[in-house]
Structure formats: C-alpha cells, structure tokens
2 protein chains.
Amino acid sequence: MTTRAGIVVTGTEVLTGRVIDRNGPWLAEALRVYGVDIAHVSIVGDRPDDLRDALRFAAGSGVDLIITSGGLGPTADDLTAEVVAGEQGRAMRLDPELEQQIAAIVERLSANFGWPSDPEATAAATRKQAMVPDGASVLAPVGTAPGLVVPVGPGRSGPPVVVLPGPPRELQGMWPAVLETPAVQTALAGRAELRQSTIRLWGTRESELAETLREQDGHLDGLEITTCLREGEVEIVTRYGIAAQPTYDRLHAVLAQTYAATAFSLDGATIDEVVAGALLARGLTVATAESCTAGLLAGRLTDLAGSSAYVLGGLVVYSNQAKHDLAGVSMELIERVGAVSPEVAEALAEGARARLGADIGVGITGIAGPGGGTAEKPVGLVYLGVSGLGQTIVRKLNLPGSRADVRRRTVVIALHQVRELLVPLEAT
Amino acid sequence: MTTRAGIVVTGTEVLTGRVIDRNGPWLAEALRVYGVDIAHVSIVGDRPDDLRDALRFAAGSGVDLIITSGGLGPTADDLTAEVVAGEQGRAMRLDPELEQQIAAIVERLSANFGWPSDPEATAAATRKQAMVPDGASVLAPVGTAPGLVVPVGPGRSGPPVVVLPGPPRELQGMWPAVLETPAVQTALAGRAELRQSTIRLWGTRESELAETLREQDGHLDGLEITTCLREGEVEIVTRYGIAAQPTYDRLHAVLAQTYAATAFSLDGATIDEVVAGALLARGLTVATAESCTAGLLAGRLTDLAGSSAYVLGGLVVYSNQAKHDLAGVSMELIERVGAVSPEVAEALAEGARARLGADIGVGITGIAGPGGGTAEKPVGLVYLGVSGLGQTIVRKLNLPGSRADVRRRTVVIALHQVRELLVPLEAT
C-alpha cells in the first residue's frame, strides 16, 4: 500500500490567483523520494470554516500525513495554527522561548532594513506567532514564523498535521527539521522510493501517443502513466515502484523507437537543459535579437546556472530604430518588407550573431497583440530566424492566444529551433 | 447568503506542479462579478477515486456550483466526464453529432499542421471525446474537447457540475456558453456583485499594517480584508457587498493617509501599470541594459499591450565584452572595479539611455548565483542604476533566495525604482 499525503494551502491570495502556489509542487517532489504520493492539494481562503472543511476532507480521504502551508503571519487573517489545534483536539499555549526567538529575529530584520521600530505592533505580532498547539513539535523559524508538527490529541485518531509557513524559501528551509520529528518519522517509516521517469516529444500528437499506449495494454502493470501537452510538447511521465523498473525499461525502449524523430528528451531533461547541454558540449555561444518577445528568450536562456558559458548577450529591438541601430537591419529593408517579415527575422538573427560575436544568432519579430494586427499580418504572426553553423532557417508561425501566450510560445519554439540546429532528430 | 462555487482541477501534471493551474484563478475572477465566491480549489491526479473524493468534498461543503477543469483529452487517463456522470447519477451515451464535429476539427487541425493522417487513432480518440452524460448540456469544443454542464440525475440532490477542458484558452473560450445553460443560470439567479478593491504598499511592514487594521476594529463590518506580502509589496485586498461601500471608502481614506509615503497604488493598479501610466502620461521612453537579469526587465516592461509607446528596447550584456561593445562601458573600468559594481551599474544605465536614445535608462549588474559569489561580492549582490530626468540613482541590493528569486526580485525593485523617479511619494 502506498503512503499518501494531503496538502492544504491557505490564503485568499492563492485561492484567487494573485499568488501562485509553489509549495504543493515542491512538497510533491520532496515527498516522492520517500515513496509518498500526494493525493490532493486543496486551496482555501483565509476563513476558518473552509480551512476546517479542507482538513476534514484530507483526514477523511485516508491520507497518512497532512501538510498545510500559509496562514502563520502576524495579521488577524492568519489562523492556521489555531484551526489545526482545534481539529487535532489540542489547546493553544504561549511558547515563551519561541516568543523571545521571534522578537530577536524581528529586531534584527528591522535594523537590517533601517526601518523605524514600532515596539507595540511588534510585541502583538510576536505574541500571536508564538502561540502553539500543546503537544506539537515546534520548528525554529526560517523567516519569522515557526513551523509545527501536530499529532492528534489523546483519545483521537488521524494523521499528524505539519503546519508550515507560506513563503517557499521558509517552507523549504524548514523541511529538514520536519523530517526529524517523531510524528513524521513514523509516517514515513519503511517506505520505498517511488521512481519517476519523463520523456518529452516535439511534433507528435497526443492522440498518436494514446494509440501507442493502447497497443502496449497488458505490458504496463505497475506503471502509472500520465501524458500532457504543454506549450506544444507532449510530456509522458511514468511513476512506478522499484519492482516495475524492467516493465518501465521496456516501455521506454518502445517509445524511444516509435518516436525517434520527435523524442528530444528521453531522460527527463527540459528543452532548456537539452539546449544548454548541446551548446556546452560543442563549446558554442548564442546571442539574440528580439522584437515582440523583448528579452524573454535571453532571460530564459540564462535561467540555468552557468549559462554565461554559452550566452553572450542580446539585443532588445522593440522600435524600428533599435532594429537598425543595434542589430544593423537596414531601414530601407524595414520600409520595403515591414518589420514583421522573414527578411527582418533573418537580418536580426545575423545581426545578433555579428554584434555579439556568437556562433548562433536568433532573431524574433512578430505581432504579439492584442492590437497592431492587419488582415495580411494578423496578431500571432511571428517570424523566427536562427542563423549559425553554416545555416540560416526562417520559420513563419501563426500562434493562437493572448499576448502573453504568443510571447511565451514563441520563446519555446525558438528553443526547439536552436535544438534542431544543434541536435537534429531523425527517424531510425 | 453568498453563492459559492467549488473548483476541482484534475491532472497529475498539475498536482505535481509540472503545469501551473491558471483556471482556478481565472474562474474565481469570472465568477466574482456574478457575486459568486470560490470556496475551495482542489487539485487531484488522474485517478478516478481521487476525483470522486474531491467531487464529494465539494458537494458536501454545500457549494451551489462545482466546476471541473481538465481530463477531457483523448488518452486513457482523461476520465472526468465519466466520473462526473457517475457522481451525478447519469449514464454515458455517444453523441453522434458531437462525434462528427470533433472529427471535422481534428481533420482541419492535421491539415493545418501538415501532420500525417492516422485514421484509426483519430477515430478512437474522437469516439472517446464524444461520450457525454445523458441529460447534460453539451458545449461546442473550442479545441477538440466539448464542455459539459451536468445537473444531478432524477431522484438526487446536489449542485450541477460544469465540466471544462484544461487548456486555459479552451476553458475561457467556452465560458460564455456555460453562462447560457439553464442549470448555471439557475445557480447564478439574483446574485449581487461582490466588489473587490486593492491597495498596494512598498516599504511598509505587514505587522505595521496589522496594527493599523486592529485600530480600525469595529469599523470594518461587511469587509473581508486579506493582506499578503508578495515580492516586497504589501497587498491589501478587500471584498465586500454593495451595501458596505461606505465602510470601505472610510477604510480606504484611513489607509491612504496613514501610508501616503508607501501606497504606490490606491486603485488596484500593479507596479507595471503604474510605471506604464506614468511614462505614457509624460511621454517618456525607457531602455535597459541588463546583465544578471538578462532581458527579464525588458520582457516585463513589454508585458502590457501598447508598451511600444514607451519601451524602445534594451541591451542584454551578459559577457563583459557585451557590456563594452553594446553599452559602451569601458573595459578599464570593468577591470578596475569589477563588473558587479555601482560604477558599472551607472555606466550601464547611461549606456542604455544613450544607445537607445531614451529618456530613462536602467542598468543592472549582479550575482544571481548559485555560483560566482565571493566573500566580498556574495550571491544576491546586485547593483541597480536608474538614470534620467537629470538624476542618476544607484542602489545596492543584497537579495536572499535562489537564482530565480534574485533575478525576479531585482526586476520588481527596478520597476519600483523607475516609479520613484517618475512619481515620488511623500508623507502628507
């Protein structure tokens, strides 16, 4: 039987999407190596009844561990510790040692930032954050809020609740201490690792893949396969226990052969990592000249640590004047064929390469919208040029969706175009 | 009594964080204007039992409407329609008209992309997607999957379930049709708008704000106030019915006066919108020269439609050679004080302004990590220069967190620095 955990994320700001939850995914990955599966993530606002409902749903679904994030701050809407204590049948008590610890942290923070001190507000906030459920393990603050591991009170049964702060840096910093607590050690005892392998395809339809998987029916025991389409990539993620490794290896070989022309990643590497690896392996450098994406491709190429080994820099050429001044595109060309044209995409790619002295240049020009489209050149029309290694490729894209969609998709397609130049795939 | 909705997001890829849910937040906002509050968002994997649990949790929490997203694709792990039918007590039937509709869409898509046709795989996928619960309203596909509105079957009670596809573009495109269905019309009938107002502060601690709100105790009836700290901004979001408008207006005035020196947004505008508005109002232009953020600031400045009116372009100067060649920073200066220095930040800001012919230049140089830090210049050290309107400001930042954190925070602080140059706030 699998050990399963339920996650409860609190915060109206997460519920309404003003803040994106990064804790659920992080916890899913952190628990997977201990053989623990996430059963569900529930997001509720800062209302005690809703938090209580979500805790009961999690406990009632039979999970072995519940983890909450958020609602530990100093304001009145931060009520997680109190609600969890109520559900676990435990009273709240002031932890004087914790109170001193938090006071010292707040003092140091204020001094660091040169903020004026407000002793009254600070004392009230500190006291609130130092109230803990009786019988809970208290985890030292990474920010200002402590974490808690709250087993059920006497005479009750149910999973322990791990109460963690909302800011990802604080939650992650507290995780090693969580794993040390007796209640969590008991919940994790004797579990075997759950493996996860990922294959990514570019240019295969999900329905084709579904057909391939149907053909493998009866040879997939012990594998939990999920497929999803993201930004044009088909991602196949398989989870399995150690005993099913041979079954997975067989599937892996089938997919690698069937999709030899589209499987750009057989080892879980992202497109970013594949491009970075190929550039590093061959000692090549890249530079960009971006109009409608305006720096997003350069920003993405430098997401990975160590990218200074292959990214020299780039040009953000939003205005036509900048296309001319920075990338050396002739004004006559722009006037003749328009800024959004295959000719300008090519000139941008070559301009980026020449100006930065890079091996590979990428040029992007298009209409991200929502305005600026015409019947001839509609919103979503993007020209993408890639130049280097003795080749120049220009692609015309017609992308659906919002301004943000068009910009984001263009960046992904550009990464794949660079990858195809560096590591062409061919059917075997 | 408020009308409330529960949202159930399916997909192991969302549960494990490989894909970020954008539907919950979008639906929360779309429903708010109809006076409907989101009670909870539950994320479950592609397992029928978990989906069933989440649907029962939502129905049991007393919501008036349940909306699901995802799990309508052609692969075997897409099982939402079937599970919802089971919970609502309805049988599945093939909808022949829908089957033809989907087949035509798939045919057109394949032709568009020039993909080879695979009639057998396509027919199986199409048939699966054309199976609908008996008695459901079928919503025409925006992508290939139809939407469904499934009222409870005869002899049962409970809220209707709206079944929508996972891709945000498809879900959003289908929304007007959702609102037209009888079951949803009944659920929304006679509800009054719920208002939401937002104030944003830069440079105020959350604990100070908590104290201000405590002082207002007794004058806040009918307001649901949530505060959160995001990227250094304190955000105060208040939700209220129309009757509580005067109460909110009073609070708004108190906050505006108390935080005159830090309230950069009193009308819900984001920092991006405040900067854009100030540049547009004064007819000013901006340009960037970025090292460690490598285009992310330029990318963010152009997130908003119409940004070509004030963004001319920028320089991504990742290598020292690029700092010299593109932004005109002297190699002698870089050798003398180092690339990460106040002098180089200033030279980058001025170089960006000069090379692009902009009114305001922003220069960024720092150590995003995880490598490259020294005792003297640790990871997280960033110099930010802003030049224009007769001033040059250089700030030294020491930012905590990961490489991504450092880069993202730098961009936010840069936006605020530009805002302070354009719209200085002063205590009244």
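The values are calculated or read from the model by the stated rules, or taken from the named source; none is laboratory data. What you see is a predicted model; the values in this text were computed from it and never measured. Note: ideal-geometry Cβ built from the backbone for every residue, glycine included; neighbour counts use all protein chains shown. In case anyone asks, the SASA skips ligands and DNA or RNA and just uses the protein heavy atoms, side chains included. Shrake-Rupley method; radii C 1.70, N 1.55, O 1.52, S 1.80 Å.
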HN-Hα couplings for the stretch B:280-294 via Karplus (6.51, -1.76, 1.60; θ = phi - 60°), in whole Hz with x for Gly/Pro, come out as 4, 4, 9, x, 9, 10, 9, 9, 10, 9, 10, 9, 5, 8, 6
Note the buried accessible area between A and B here, summed over both chains, with a 1.4 Å probe, in Å² to the nearest 100.
7100 Å²
Taking amide hydrogens as modeled 1.01 Å from N in the peptide plane, which residues meet the under 5 Å criterion relative to residue A:9, leaving out close sequence neighbours?
A:42, A:43, A:44, A:69
Go through the stretch B:96-105 residue by residue and turn each phi into a ³J(HN,Hα) via Karplus (6.51, -1.76, 1.60, θ = phi - 60°); whole Hz please, and just put x for glycine and proline.
x, 5, 4, 4, 5, 4, 5, 4, 5, 5
Kindly provide the Kirkwood hydrodynamic radius of the stretch A:273-428 in Å, to one decimal, from all pairs of distinct alpha carbon atoms.
15.3 Å
Would you list, by chain and number, the aspartates and glutamates whose Cα falls below 13 Å from the Cα of residue A:128, excluding same-chain residues fewer than 8 positions away?
A:77, A:78, A:82, A:95, A:99, A:120, B:211
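Normalising by the residue count of chain B, find the relative contact order in percent from Cα pairs under 8 Å and 6+ residues apart. The partial results should precede the final answer.
Working: 803 pairs, mean separation 44.7, N = 428.
Contact order relative to length: 10 percent.
Note the per residue figure in Å³ for the convex hull of the C-alpha positions in the stretch B:174-274.
Details: hull volume 13.2 nm³, N = 101.
So the per-residue Cα hull volume is 130 Å³.
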Kirkwood-based Rg/Rh on the Cα set of the protein assembly as shown evaluates to 0.96
Acute angle (nearest 10 degrees) that the helix A:403-422 long axis makes with the longest principal axis of chain A, alpha-carbon atoms
70 degrees
In sequence order, what are the phi-derived ³J(HN,Hα) couplings for the stretch A:355-367 according to the Karplus relation 6.51 cos²θ - 1.76 cosθ + 1.60 with θ = phi - 60°, rounded to whole Hz, with x for glycine and proline?
5, 9, x, 9, 6, 10, x, 10, x, 10, 9, x, 10
Hey, what angle do you get for helix A:206-215 against the long axis of chain A, alpha-carbon based, 0 to 90 degrees rounded to 10?
70 degrees
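Taking the Cα centre of the stretch A:304-383 as the origin, how large is its charge dipole in debye, to the nearest 20, when only Lys and Arg (+1) and Asp and Glu (-1) carry charge on their Cβ atoms? Working shown, then result.
Numbers: 5 positive and 8 negative charges, 35 e Å.
For this selection, approximately 160 debye.
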About its Cα centre, what dipole magnitude does the stretch A:189-229 give when the only charges are +1 on Lys and Arg Cβ and -1 on Asp and Glu Cβ, stated in debye to the nearest 20?
240 debye
Check residue A:163: other-chain or 5+ apart residues with amide H under 5 Å from its amide H, H built from backbone geometry?
A:68, A:148, A:149, A:150
For chain B, modelled as a Gaussian network with Cα springs under 10 Å, which listed residue fluctuates most, B:241, B:89, B:385?
B:89
Along the dipole axis of the protein assembly as shown (charges at Cβ: +1 for Lys and Arg, -1 for Asp and Glu; origin at the Cα centre), the most positive-end residue among A:103, A:210, B:342 is B:342
Against the longest alpha carbon principal axis of chain B, how many degrees, from 0 to 90 and to the nearest 10, is the axis of helix B:119-129 turned?
80 degrees
If I take every Cα pair under 8 Å that is 6 or more residues apart in the stretch A:1-104, average their sequence separation and divide by the length, what percent do I get for the relative contact order?
33 percent
Need one number: the % of Cα-Cα pairs in the stretch B:57-176 sitting beyond the 25 Å mark.
23 percent
Average accessible surface area per residue within the protein assembly as shown, 1.4 Å rolling probe, Å²
39 Å²
Size of the dipole of the protein assembly as shown about the Cα centre, Lys and Arg at +1 and Asp and Glu at -1 on the beta carbon, nothing else charged, in debye to 20?
600 debye
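Looking only at other chains, what is the average number of their beta-carbon atoms within 10 angstrom of each beta-carbon in B:302-309?
Numbers: counts 12, 6, 1, 7, 3, 4, 8, 0.
Mean partner shielding for this stretch: 5.
Could you tell me what percent of the accessible area of chain B is made up of carbon and sulfur, with a 1.4 Å probe and every protein chain present? Before the final figure, lay out each step's value.
On the way: 8620 of 16680 Å².
Of all accessible area on chain B, carbon and sulfur atoms account for 52 percent.
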Would you pull out the residues with amide H under 5 Å of residue A:425's amide H, same chain only if 5 or more places away, H placed 1.01 Å from N?
none
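So what's the back-of-envelope 222 nm ellipticity for chain A, counting only DSSP H runs of four-plus at -39500 (n - 2.57) apiece and dividing by all residues, rounded to 500? Spell out each step's value before the answer.
Numbers: 16 runs with 177 residues, N = 428.
Theoretical 222 nm ellipticity from helices: -12500 deg cm²/dmol.
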Under a cut-off of 22 Å between alpha-carbon atoms, report the lysines in cross-link reach of residue A:323, not counting same-chain residues fewer than 8 places apart.
A:377, A:396, B:323
Could you tell me the largest-minus-smallest coordinate of the C-alpha atoms of the stretch A:284-335 on each of the three principal axes, in descending order and whole angstroms?
40, 20, 12
Going 7 Å from Cα along the Cα-Cβ axis for the label, what nanometre distances separate residue A:400 from the same residue across the other copies?
4.4
